[in-house]
Amino acid sequence: MLACGTDYLTETELSRSYLYVYSVWVYLFPLAYIIYSYTFIVKAVAAHEKGMREQAKKMGVKSLRSEEAQKTSAECRLCKVALMTVTLWFVAWTPYFVINWGGMFNKPIVTPLFSIWGSVFAKANAVYNPIVYAISHPKYRAALEKKLPCLACATEGRDGGSDAGSTATAQSTEKAESA
């Protein structure tokens with residue numbers, strides 16, 4: 001079988017030990033690290049959001065954000081992006097992992113087509129990961145709408161900014177224009 005990947009068909013101890021180490025360092029460790037990192041990023045954003053709410057209470061304001069921005073908080077958006085990123089990474093690399101382990105312990109299930117699909121999924125990660133980040137960032141979507149309106153990635157009706165500062169700036173700009 002000709003494929004771009006690891007040698008899971010050879011039954012030597014060296015080949016198997018390579019696949020064990022490969023599985024840990026190239027799949028399990030990165031997966032754990034990605035989940036760990038995004039967990040703490042989301043926790044940090046949640047703590048910041050809590051601080052913003054407490055600051056708003058101290059100032060006697062209901063919220064430091066506009067009503068539109070309140071609907072989709074930075075915390076929610078970040079959780080969605082983090083979950084999507086981890087899920088797509090898992091979907092991309094799990095077939096490769098399954099092929100390696102299937103090749104070591106159950107050779108009949110690893111057909112040439114099955115082997116090729118694992119490579120396709122893994123390599124597709126390089127394509128769709130940047131797309132997820134691009135479409136999840138409001139300012140990037142706005143710039144993309146301006147440059148390529150045919151892509152229909154309009155930001156109208158959505159949160160165009162990602163923090164209270166951009167909302168406050170937008171409101172002060174509107175007041176200045178109306179005066």
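Of all residues in segment 1-36, exactly one satisfies the criterion of being among the hydroxyl-bearing types (S, T, Y), surrounded by 11 or more Cβ atoms within 10 Å (Cβ to Cβ) and farther than 17 Å from F105 by Cα, namely Y27. Annotation: of all residues in segment 128-142 being surrounded by 16 or more Cβ atoms within 10 Å (Cβ to Cβ) and free of Cβ contacts under 8 Å to residues at least 24 places away in the same chain, the one that is farthest from V26 (Cα to Cα) is A142. Scanning segment 106-127 for residues that are among the β-branched types (V, I, T) and exposed (fewer than 10 other Cβ atoms within 10 Å of the Cβ) yields a single hit, V127.
Read-outs: derived from the displayed coordinates by stated rules, not from any lab. All figures in this text were calculated on a predicted structure; none of them were measured in a lab. Backbone-built Cβ (ideal geometry, glycine too); neighbour counts: all protein chains shown.
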